[in-house]
Structure formats: structure tokens, C-alpha cells
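The values are calculated or read from the model by the stated rules, or taken from the named source; none is laboratory data. All values derive from a computational prediction rather than experimental measurement. Cβ coordinates were reconstructed from backbone atoms using ideal geometry, including for glycine residues, and neighbour counts include every protein chain displayed. Just the protein is used for accessible areas: all its heavy atoms, side chains included, with ligands, DNA and RNA removed. Shrake-Rupley method; radii C 1.70, N 1.55, O 1.52, S 1.80 Å.
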Amino acid sequence: MKEGTRHKLTEGWLRIFLGTLQIILAGATTLLWVSGASERLVWVLAGAALIAVIVSRMLYRSK
């Protein structure tokens, strides 16, 4: 496999992973918040979702 193709393949899977992670964490945060779960757990999940968003934006800002 060519180096350029390998880079694009890795970049694509990373982008899909980060997007999926953001959706899962945001959904879990919302469900836990609505169900009245531990406030600390809600904030931890919200912070993790925010970190995933920031990493994604830093990696794919110009694309």
C-alpha cells in the first residue's frame, strides 16, 4: 500500500472514530442528566465529549 493511501485510510478511520465517540458521549451525557444520575459523572462525560470535539477540530480544522 502506498504511503499516501495508508495516511488517508488512517485519517479517515480516526475521523469516523472521533465523530462516533462525540455522538456516544453526548448521548450518554444527555440520558444520564435527564435520568438524574450523579452530577459528577455527567460532568465527566460532558468533559470527555468536549475533549473529543477539541481534538477533532484541531486535527481537521482546514478540511
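Calculated FRET efficiency, Leu31 and Thr5, Cβ-Cβ r, R0 30 Å, to nearest 0.05? Present the calculation step by step, with values, prior to reporting the outcome.
Values: r = 39 Å, r/R0 = 1.30.
According to the calculation, E is roughly 0.15.
Give a quick list of chymotrypsin sites (Phe, Trp or Tyr not before Pro) in the stretch 19-63 that DSSP marks as loop, anything other than H, G, I, E or B, with at most 15 other Cβ atoms within 10 Å. Spell out each step's value before the answer.
Working: sites: Trp33, Trp43, Tyr60; in loops: Tyr60.
Qualifying residues, ordered by number: Tyr60.
Rounded to the nearest 10 square angstrom, Leu45 shows an accessible area of 30 square angstrom against a 1.4 Å probe.
Just read off the accessible area of Val44 with the full protein assembly in place, 1.4 Å probe, to the nearest 10 Å². Surface accessible to solvent at Val44 totals approximately 80 Å².
Computed over protein heavy atoms with a 1.4 angstrom probe, the accessible surface ordering of Val42, Val34, largest first, is Val34, Val42. Calculated from the structure at hand, mean projected area of the Cα convex hull in nm² is found among (1) 4.3; (2) 4.7; (3) 8.7 as (2).
From Cα pairs below 8 angstrom and at least 6 apart in sequence, can you work out the relative contact order of the chain, rounded to a whole percent? Please report the intermediate quantities before stating the final value.
Values: 27 pairs, mean separation 22.9, N = 63.
Result for the chain is 36 percent.
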